[in-house]
Each structure stands twice: as structure tokens, then as C-alpha cells.
């Protein structure tokens, strides 16, 4: 298997154990991941936050199932924001889905086991087209995984955000009537979930920008003013790690900055 495409911001951040511990609450408000007690796992998270996604995934996998959440996050973030090859990107996402299912069998009460399955399937669906994914029944799997995450961790902001995106994308692709009747997607549910995600994690460029994207899918031009406001708030954040830097680069591109 060829090496992963390097993150363009590798080396920009020079985090170490102490800095990651100090910033942990800020960096992990979204995914509600607990601070590791295993030093080896913490060191793998340092690699991740510095943008060494492949090294982080390999170090995490060497720890066995306890490292699956990190390995899946590294794989999903790299596939979403770095990997230029669509076939490789989709393969990496499916690998995360498989690991997540293994993790669920071993530790069904770990929120990350369900969240990264839902996230990876959602991104995979975008890659093959949401309409095709819905026809294959992937939508119900995404929704179940994210609903389970929220049941296990009601404060998991990213799960609320991802579930909001599920509702918004289904409505955007198949319409509100069919989306509601066939897939259980509702505009009111999406907006409520976006607001909940924002309340749980207001200092997040990801939350702000994804909410903005969702508004454009749900409300079109009617949501433009609010979406622009959210994107401008997102643009003002200073990134704390490589993933945030990657995401903000996309935000600024959308704003023409």
C-alpha cells in the first residue's frame, strides 16, 4: 500500500504531550474524546494534531482496538481533506467503516466507534453520490450510527452536526417530501441539530461553516445572509492544529479569500 499523501501543513504545528494535554478540551469539544491515560496513545494523538495522519494511524493501530478511534479519525480526516485520488479516498473511508464495526463488536458503548462509522459512510456517500447511497440503504446506516453516538454521548457536538448534515443533504438531493416520507429527513430536525451543535461547540470553525453549508441546502438564497455571517465567524478563528488549518483553508476559499 503506497504512503498517504502528506498533509500540506505538516510541520506548521509543533505540538508535544504537554501542549496537547493543555489544549485537549478545546481540540476535542467536538468529538467528546476523553484525554488518554495511555502515554503511547497520547503520543499518537500528538502526531495526529501535528498533521502526521498516516503516522498517527499506524501508531494507533499498533495499540490494538484502543487505538481504533484515533486510527479512524486520522483516516477519515486525511481522506476528506488531503487525499487527491477519489478511489483511494473511498477505499480509506471503507476501511474506517470496517474498523468501526469491529470496534462496536468489542466495545459497543464507545461513542467514537459509532461516530466514525457514521462519518465515514456519510463521506463515502458524498463520493458515490448521495442519491445512489440512499438507494443502497446507506442512509439508514448513517443515521443509526449517529443516533447511537448521541444516545451514548449527548454532548457529542460533531455527531449532532453530522446528523444535521444527513437531514440537509437528503432534502437537498431528493426533496423535502420524499426525504421525509422515505428517509425520515426533516428540515426542522436539521435546523434543530445545527443549533444544538453550535450550542455545544460554539468556538469551532467546522461547526460554523458546516451550519452555513446546511442553511444553503435547506433554504437556498433565503439562508444566504445567515450563512455568510457564520462563515465570516469561522474565518476569524486561528487554527490550533493541522486539521483546523486544513478546514479553514477551505472556508477561506469559499469566501474568496
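The values are calculated or read from the model by the stated rules, or taken from the named source; none is laboratory data. This one's a predicted model, so the numbers in the text were calculated from it and none came from an experiment. Quick reminder, even Gly has a Cβ in these numbers, built from the backbone with ideal geometry, and neighbours come from all protein chains shown.
Before we move on, is residue 158 touching a residue at least 40 places away in the same chain (Cβ under 8 Å) and within 21 Å of residue 82 (Cα to Cα)?
yes
Examine the range 162-173 for a residue that is without any contact (Cβ under 8 Å) to a residue 24 or more places away in the chain, out of contact with any strand residue (DSSP E or B) (no Cβ under 6 Å at 6 or more places or on another chain) and farther than 16 Å from residue 198 by Cβ, and state whether such a residue exists.
no
Against the definition (crowded, with 17+ Cβ neighbours inside 10 Å and within 20 Å of residue 34 (Cα to Cα)), how does residue 110 come out, yes or no?
yes
Is it the case that residue 243 is within 18 Å of the chain's Cα centre (by Cα) and over 18 Å from residue 160 (Cβ atoms)?
So residue 243 passes the test.
Can residue 90 be described as farther than 22 Å from residue 188 by Cβ, surrounded by fewer than 21 Cβ atoms within 10 Å (Cβ to Cβ) and touching a residue at least 40 places away in the same chain (Cβ under 8 Å)?
no
Test residue 94 against the criterion of being closer than 17 Å to residue 142 by Cα, modelled with pLDDT of 95 or more and within 15 Å of the chain's Cα centre (by Cα), and give yes or no.
yes
Please work out if residue 124 is buried (at least 24 other Cβ atoms within 10 Å of the Cβ), assigned to a helix (DSSP H, G or I) and either modelled with pLDDT of 95 or more or out of contact with any strand residue (DSSP E or B) (no Cβ under 9 Å at 6 or more places or on another chain) (or both).
no
So which helices (runs of 4 or more DSSP H) stay within the range 7-110 end to end and still have 1 or more residues that are touching a strand residue (DSSP E or B) at 6+ places or on another chain (Cβ under 6 Å) and under 18 Å from residue 240 (Cβ atoms)?
Of the helices (runs of 4 or more DSSP H) lying wholly inside the range 7-110, none has at least 1 residues that are touching a strand residue (DSSP E or B) at 6+ places or on another chain (Cβ under 6 Å) and under 18 Å from residue 240 (Cβ atoms).
Are any of the residues in the range 24-31 buried (at least 23 other Cβ atoms within 10 Å of the Cβ) and in contact with a helix residue (DSSP H, G or I) (Cβ under 7 Å, 6 or more places away or on another chain)?
No: zero hits.
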